[in-house]
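Enquirer: Once you've had a glance at the structure underneath, I'll fire off some questions.
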Amino acid sequence: MTDLGPVPWPPAPIRTDRLVLREAETRDRAAFIELLASPEVHTHLGGARPRDELERETPGVPERWPGSFVVDLDGAMIGQILLRRAPEHRRPTVAGKAELGYLFLPRAWGHGYAAEACAAALDWFADALPGEPVVLATQTANARSMRLAAKLGFAEVERFEAWDAEQWLGTWSPVAVPGVVGHGGAG
């Protein structure tokens, strides 16, 4: 049993044309620190964490928990996909629902890796928990994230103010829609 419900964890590695989604390993520690310390990655996420703090606090095998996938390109971590239940203290439209999150190293931006990895994670989720929707929240100022949400088939539910910025909330339902990446659809 995981945070996502009765889903066996970890799943077998998920392979796409170019990527592998897998559980974290010791060799990923430096990439996790780079990801969490990157000011570019955290522009719309409240700011990066100090590298020295991350060096002290990051375990040998970081982020190894159900719902956390390393995105691997040619044997090296380039990002992370997160699928987990939104905490109950979050907005009522989100609380308790499965939520998609993603972080990619800046050198991986602009190559379609995020869309490919997120679509694969959503396909896995749709098979593991048939019929269950997924939510995604992002700042409207994050144009890349807004484009990715649209490409994946997330439909807007609401906009709201939080953390001194306008936020966008979308939902994805595991229904086949022609022309949309993965199972996701806007309905």
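The values are calculated or read from the model by the stated rules, or taken from the named source; none is laboratory data. None of these values were measured; they are calculated from a predicted model. With ideal geometry, Cβ positions are generated from the backbone for all residues, glycine too; neighbour counts draw on all protein chains shown. Heavy atoms of the whole protein, side chains included, go into the accessibility calculation; ligands, DNA and RNA do not. Shrake-Rupley method; radii C 1.70, N 1.55, O 1.52, S 1.80 Å.
Enquirer: Taking θ as phi - 60°, what are the ³J(HN,Hα) couplings along the stretch 47-58 by the Karplus curve (6.51, -1.76, 1.60), each to the nearest whole Hz, with x for Gly and Pro?
Expert: Coupling constants for the stretch 47-58: x, 6, 8, x, 4, 5, 5, 5, 4, 6, 9, 6 Hz.
Enquirer: Relative contact order for the stretch 61-109: what is it in percent, counting Cα pairs under 8 Å that are at least 6 residues apart?
Expert: 30 percent
Enquirer: Report the gain in length on full extension from residue 12 to residue 64: 0.36 nm times residue separation, minus Cα-Cα distance, nm rounded to one decimal.
Expert: Working: separation 52, 0.36 × 52 = 18.72 nm, distance 1.43 nm.
My answer for the length gained is 17.3 nm.
Enquirer: Roughly how many Å² is the accessible area per residue of the chain, as a whole number, for a 1.4 Å probe?
Expert: Spelled out: the 1.4 Å probe surface of the chain, per residue, equals 49 Å².
Enquirer: Based on the Cβ-Cβ distance of residue 159 and residue 26, what FRET efficiency does E = 1/(1 + (r/R0)^6) give at R0 = 45 Å, to the nearest 0.05? Can you show the working numbers first?
Expert: Working: r = 41 Å, r/R0 = 0.91.
Plugging the Cβ-Cβ distance into 1/(1 + (r/R0)^6) gives 0.65.
Enquirer: Measure off 7 Å from each Cα along the Cα-to-Cβ vector at residue 52 and residue 127, then give the distance between these two points in nanometres to one decimal.
Expert: 4.6 nm
Enquirer: Take every Cα-Cα pair in the chain and report what % of them are more than 20 Å apart.
Expert: 54 percent
Enquirer: How large, in percent, is the carbon and sulfur part of the accessible surface of the chain at a probe radius of 1.4 Å?
Expert: 54 percent
Enquirer: Just to be sure I follow the definition: excluding the sites themselves, where is the longest run in the chain that has none of the GluC sites (Glu not before Pro) in a DSSP loop with at most 11 other Cβ atoms within 10 Å? Walk me through the numbers before you get to the answer.
Expert: Details: sites that count: 40, 88.
That gives 89-187 as the longest site-free run.
Enquirer: Something else now. If you average the sequence gap of Cα pairs under 8 Å that are 6 or more apart and divide by the length of the chain, what percent do you get for the contact order?
Expert: The value is 17 percent.
Enquirer: On to the next question. For the stretch 57-154, what is one quarter of the convex hull surface built on the Cα atoms, given in nm²?
Expert: Hull-based average projected area comes out at 7.7 nm².
Enquirer: What whole-number volume per residue, in cubic angstrom, does the convex hull of the C-alpha atoms of the stretch 1-68 give? Could the numbers behind the result be given before it?
Expert: On the way: hull volume 8.7 nm³, N = 68.
In the stretch 1-68, the Cα hull volume divided by residue count equals 128 Å³.
Enquirer: Still on this model: Once phi is turned into ³J(HN,Hα) by the Karplus curve 6.51 cos²θ - 1.76 cosθ + 1.60 with θ = phi - 60°, what whole-Hz value does each residue of the stretch 150-158 show in order, with x for glycine and proline?
Expert: With the stated coefficients, the stretch 150-158 comes to 5, 4, 6, x, 6, 9, 4, 9, 6 Hz.
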